[in-house]
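Okay, so here's the structure we're looking at.
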Amino acid sequence: MKASRIVPYLALVVLLSVSALAQTPVLKSEYAELVVPPGAQITDRYETTWETRMTVEHEGIRVRVNWKADEAIFHFPTSTMRLRVTPDGKSSKISVNYNADRYVVERSPREIGWLLGGDQQIFYQCRGGKIAKAIGPSDYLKLNRQSQWGRLSLTSSVGSTDALLNAEGVLETFEGPEVLDHLYLVRGLAIQAGPITLRLPLPDDPFLEGLPSDRYLTISKEVKALPQPSAQTGPPKEEDPLQADPATWGSPELKAKFNEPDEDPLSVKKETRVKNDGDPLKARTAPDSEELLRVKDY
């Protein structure tokens, strides 16, 4: 790739940010791992021998996760991300789709390619199962190992660096530019979306493991929480003039009044009548009779 085509793509790979969340993976497979930020809540976790389901919530954003060995789906409030692995002998193809964006990692014993859309492609050459070279639209990298001495020589556009692994297994700069100044010296590729980060590591290597745990080439995707219902801000609702006010229990509107024509337009009043044991159809009024209702003049 010509040098004139390298620099313009720096901003297109999300500024090729090399920062991800330095957390222990909550899920891990042969090809990928998932990390969440401090304070994130993991609920509804359900595991079987072939899949894990759970919900991750952080800062108002909730993500439902369905994780399998060769596939994973992440449901965000308004979007979906899918990871799919297609093995092919000693090689494999890892695809990550986030809405209309697609990122592909092609792995073989000799090369690992990150296809990040258009001409944004980064390739790592392998030798003996370890990373030996890298080339991309923004830089290049050469690694020369002296494993028996725990030393590593790095060369990129920033210059040459002699580095070594200290007693704690951390890669330190011995001479030249700082180790972290070499852009493509990373642990792998990461896609950060909302409260989760999906990592696709490079092959195991003591020198790469000596880098900071958050040293990943990271693509950040914006995820928004669902809006909360807003309070009513308009003018107060006008009362319906045809809607009667509900009467309360025991109010005068609910109390019946008897023997008052104005309050009894159907002339319904209470009256007492006497049972006739001999003839139940005959009765006469009396003060000690049972109460009955009678309609008059209707």
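Here are the numbers for this structure:
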{"item": "Matching entry among 155, 161, 173 (being assigned by TED's automatic domain parsing to the domain that holds residue 114, surrounded by 15 or more Cβ atoms within 10 Å (Cβ to Cβ), over 30 Å from residue 60 (Cα atoms) and touching a Pro at 6+ places or on another chain (Cβ under 6 Å))", "result": "161"}
{"item": "Of all residues in region 132-165 being in contact with a Phe, Trp or Tyr (Cβ under 9 Å, 6 or more places away or on another chain), of a type in the set (Gly, Ala, Ser) and more than 16 Å from residue 209 (Cβ to Cβ), the one that is modelled with the lowest pLDDT", "result": "138"}
{"item": "Residue within region 220-235 that is at pLDDT below 95, of a type in the set (D, E, K, R), assigned to a strand (DSSP E or B) and surrounded by 13 or more Cβ atoms within 10 Å (Cβ to Cβ) present", "result": "yes"}
{"item": "Test: residue in region 120-127 that is free of Cβ contacts under 8 Å to residues at least 24 places away in the same chain and within 31 Å of the chain's Cα centre (by Cα)", "result": "yes"}
{"item": "Residue in region 134-149 that is surrounded by fewer than 13 Cβ atoms within 10 Å (Cβ to Cβ), assigned by TED's automatic domain parsing to the domain that holds residue 206 and farther than 30 Å from residue 169 by Cα present", "result": "no"}
{"item": "Residue in region 100-119 that is of a type in the set (A, V, I, L, M), surrounded by 16 or more Cβ atoms within 10 Å (Cβ to Cβ) and under 12 Å from the mean Cα position of the chain (by Cα) present", "result": "no"}
{"item": "Enumeration of residues in region 31-87 that are over 15 Å from the mean Cα position of the chain (by Cα) and part of a strand (DSSP E or B)", "result": "33, 46, 47, 51, 52, 68, 71, 84, 85, 86, 87"}
{"item": "Any hit, region 170-191, residues being small (Gly, Ala, Ser) and at pLDDT below 95", "result": "no"}
{"item": "Matching residues in region 51-78 - criterion: being surrounded by fewer than 17 Cβ atoms within 10 Å (Cβ to Cβ), in contact (Cβ under 8 Å) with a residue 40 or more places away in the chain and aliphatic (A, V, I, L, M)", "result": "69"}
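The values are calculated or read from the model by the stated rules, or taken from the named source; none is laboratory data. Since we're looking at a predicted model, the values are computed, not measured. When we count neighbours, we look across all protein chains shown, and the Cβ atoms used for this are built from the backbone with ideal geometry, even at glycine.
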